[in-house]
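K.L.:
Structure below; questions to follow.
The values are calculated or read from the model by the stated rules, or taken from the named source; none is laboratory data. These numbers were taken from a predicted model, which means no experiment stands behind them. We place every Cβ from the backbone using ideal geometry, glycine too, and count neighbours over all the protein chains shown. Keep in mind that these areas ignore ligands, DNA and RNA; they rest on the heavy atoms of the full protein, side chains included. Shrake-Rupley method; radii C 1.70, N 1.55, O 1.52, S 1.80 Å.
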Amino acid sequence: MANVVVLGAGIAGHTAALHLRRMLGRHHTVTVVSPNSNWNWIPSNIWVGVGKMPKTKVVFPLAPVYAKKGVDYRQAKAVAIYPQGDTGDARGAVEIQYTGQDKAGQTEKIRYDYLINATGPKLKFEATEGLGPDAGNTVSVCTADHAVEAAEKLAATIAKLKEGQPQTLVVGTGHGTCTCEGAAFEYTFNVDHELREAGVRDLATLYYLTNEAALGDFGVGGMIFNQGGFESTSELWTSSLFRERGVKPILGTHPHKITSSTITYETLDGEMHDLDYDFAMLLPPFGGHPIKAFDVEGNDITDQVFAPSGFMKVDADYTPKPYEEWRADDWPKTYQSVGYDNIWAVGIAFAPPHQISKPRKTPNGTVIAPAPPRTGMPSGLMAKIVAKTIVDRIQIGPKAVSHTVSMTEMGAVCVASAGTGLTRGSAAAMIMDPVVPDFTKYPTGRNLATTRGEIGLYGHWSKLMLHYLFIYKAKALPGWQLIPE
Amino acid sequence: MTEQNIQPSEPKPQPVLDLTRAPMPNVKTLKARYNPFSQFGRFVAFNYRIMKMVVSSGH
Ligand SMILES: Cc1cc2nc3c(=O)[nH]c(=O)nc-3n(C[C@H](O)[C@H](O)[C@H](O)COP(=O)(O)OP(=O)(O)OC[C@H]3O[C@@H](n4cnc5c(N)ncnc54)[C@H](O)[C@@H]3O)c2cc1C
């Protein structure tokens with residue numbers, strides 16, 4: 001009998017747990033540890049954030065799904081890992097702290113034979129003074145609750161516009177090292193759509209404040225598309241949309257301080273600026289969760305297991321080297337942790353080897369470097385291959401070959417909706433294949449046959465379809481495993 | 001009570017990207033983006049590409 005423990009029940013952790021349960025006999029246990037009682041389809045938080053969808057449509061409780069499938073669910077957060085076991089037991093262990101199930105605050109050590117870390121990002125609002133919902137100035141759409149608050153504040157701003165008061169709205173990144181620019185881009189155009197629907201667009205000034213050095217960078221250094229017989233760029237494509245919708249982009253920014261009325265930011269040329277605003281949705285930078293690691297004697301070995309960013313070190317090449325020298329091969333393939341062949345990190349939880357978009361510094365030394373995005377499809381796919389590796393280890397033995405998949409082989413679909421409605425909706429639909437460009441395989445770094453950027457009503461249909469498909473899959477309803485990650 | 005005429009302060013200039021050279025979609029393009037028939041074709045093509053990508057990543 002083997003005990004598999006999965007930390008996190010987001011896109012990666014939940015996918016891993018469902019596949020493990022499907023592939024392993026009931027005499028093996030699958031335990032999921034996650035502090036939130038709900039599963040959240042995060043991409044649709046955008047619609048919650050503009051008041052177009054209630055929170056209840058993007059979340060559902062995990063406990064009934066796990067009860068039905070035979071997954072042992074602990075509503076708790078991991079606080080420490082003992083990969084070598086401890087003096088009492090040689091098996092690896094995780095120390096968890098309950099956040100629910102009538103045990104909030106209690107701690108417990110659970111043993112594992114195989115461990116998957118899929119704890120996703122810690123939202124580091126504290127990195128910028130005054131950033132985020134807790135500081136009370138800017139809003140976020142990173143969680144469903146944040147998105148509910150964003151919708152309320154946006155509605156209040158629209159109400160003021162309806163009274164004839166001009167308003168300044170800002171959407172973007174709250175720090176020079178943020179990732180997930182696609183989400184900020186998407187929220188921008190949903191806000192634009194709401195303002196138009198309310199008939200107040202002319203009174204509103206809408207800024208897109210981003211750490212990207214060029215529009216269409218999306219933290220992946222931009223894309224080249226094959227369009228109408230020409231090689232076009234994501235920069236040209238997005239610029240066109242910004243111009244058409246009258247959204248004002250401010251590029252290469254690092255906000256230093258945010259108050260209730262002003263965002264103080266630095267641009268790549270080292271200049272400081274003050275932007276007065278009435279409504280702002282700014283994403284936080286991501287880091288790993290503060291999980292510690294200890295050796296058998298209880299010595300702190302966190303820095304051996306985790307990178308300084310808090311993400312877990314895996315089979316990537318982390319050798320420091322100039323940006324220009326990185327190769328597709330540096331990216332991990334098995335997601336096995338450094339030093340422990342029974343621990344893996346998948347989804348946002350693994351430490352990327354380097355930036356995909358060129359990192360930059362201002363003359364004042366401020367780093368403005370979009371971090372690499374780890375989107376939904378790769379997160380799910382990594383989780384699935386790690387689940388397969390664990391199943392093989394259990395069924396074939398320790399010599400079973402690891403399953404592999406790299407971000408230089410996996411694509412991402414980003415459907416940035418720019419308005420809702422089955423006949424009036426719209427979306428900028430992007431396929432980026434692969435996420436991490438591989439110049440040894442493709443002259444432009446990516447597959448021109450699949451990499452695409454288009455705008456239209458169909459994009460909205462696609463986003464809606466993905467919403468329903470992935471919630472169906474996550475609920476583990478009949479045939480869920482046939483829906484690709 | 002005296003009525004004050006409060007003038008909103010001038011917005012501070014921001015280093016906004018110049019988009020005047022970005023291509024503007026023409027009326028035909030804008031209409032096509034909402035034409036359900038052509039959009040259905042694109043919907044099918046888009047999902048076909050996703051499936052192609054899924055298959056090629058060894059799903
Ligand atoms: C607004 C927004 C829109 C997005 N839109 C898209 C899109 O259109 N397409 C796309 O591909 N991607 C999109 N993404 C990215 C996508 O959401 C992520 O790629 C995906 O959620 C990553 O999955 P994950 O499982 O690694 O992390 P998460 O989904 O964040 O899951 C992490 C899990 O770990 C749990 N956890 C946290 N701390 C602990 C702990 N200490 N112990 C145990 N468990 C813990 C959390 O509760 C959660 O269950 C978007 C992201 C945002 C924020």
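Every residue, every condition in (1) open to solvent by 50 Å² or more (accessible area, probe 1.4 Å); (2) within 26 Å of A:GLY347 (Cα to Cα); (3) assigned to a strand (DSSP E or B); (4) not assigned by TED's automatic domain parsing to the domain that holds A:GLY13, yes or no:
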| position | (1), (2), (3), (4) |
| --- | --- |
| A:VAL94 | no, yes, yes, no |
| A:ALA104 | yes, no, no, no |
| A:GLU108 | yes, yes, yes, no |
| A:ARG111 | yes, yes, yes, no |
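K.L.:
Could I ask something else about it? May I ask you to list the residues in segment A:448-475 that are closer than 23 Å to A:VAL220 by Cα, hydrophobic (A, V, I, L, M, F, W, C) and assigned to a helix (DSSP H, G or I)?
P.N.:
A:LEU466
K.L.:
Only one of these conditions is not met by A:THR404: (1) out of contact with any helix residue (DSSP H, G or I) (no Cβ under 8 Å at 6 or more places or on another chain); (2) within 11 Å of chain B (Cβ to nearest Cβ); (3) farther than 21 Å from B:ASN47 by Cα. Which number is it?
P.N.:
(1)
K.L.:
Still on this structure, please answer the following. If you scan segment A:16-43, which residues turn out to be open to solvent by 20 Å² or more (accessible area, probe 1.4 Å) and within 9 Å of the ligand (Cβ to nearest atom)?
P.N.:
A:PRO35, A:ASN36, A:ASN38, A:ASN40, A:TRP41, A:ILE42, A:PRO43 - these are the residues of segment A:16-43 that are open to solvent by 20 Å² or more (accessible area, probe 1.4 Å) and within 9 Å of the ligand (Cβ to nearest atom).
K.L.:
Which one is most open to solvent (accessible area, probe 1.4 Å), of the residues in segment A:49-66 that are assigned to a helix (DSSP H, G or I) and in contact (Cβ under 8 Å) with a residue 12 or more places away in the chain?
P.N.:
A:LYS57
K.L.:
So, one more: Restricting attention to segment A:367-412, report how many residues are more than 13 Å from the ligand (Cβ to nearest atom), of a type outside the set (Gly, Ala, Ser) and open to solvent by less than 20 Å² (accessible area, probe 1.4 Å).
P.N.:
The qualifying residues number 8.
K.L.:
Checking the conditions here, which among A:VAL296, A:VAL314 is closer than 20 Å to A:VAL386 by Cβ and among the β-branched types (Val, Ile, Thr)?
P.N.:
Exactly one residue qualifies, and that residue is A:VAL314.
K.L.:
Select, from A:ILE356, A:ILE348, the only residue that is within 16 Å of the ligand (Cβ to nearest atom) and not in a helix (DSSP H, G or I).
P.N.:
A:ILE356
K.L.:
Ok, one more. Out of A:ASP341, A:ASP330, A:ASP317, report the one residue that is open to solvent by 60 Å² or more (accessible area, probe 1.4 Å) and under 26 Å from A:TYR114 (Cβ atoms).
P.N.:
Going through A:ASP341, A:ASP330, A:ASP317 in turn, just one is open to solvent by 60 Å² or more (accessible area, probe 1.4 Å) and under 26 Å from A:TYR114 (Cβ atoms): A:ASP341.
K.L.:
Also, I was wondering about something else. Select the strands (runs of 3 or more DSSP E) contained entirely in segment A:253-323, then report the ones holding at least 2 residues which are of a type in the set (Ser, Thr, Tyr).
P.N.:
Here the list reads A:262-267.
K.L.:
I would also like to ask the following. Of all residues in segment B:9-46 being surrounded by 14 or more Cβ atoms within 10 Å (Cβ to Cβ) and among the hydroxyl-bearing types (Ser, Thr, Tyr), which is farthest from A:ASP274 (Cα to Cα)?
P.N.:
That would be B:SER38.
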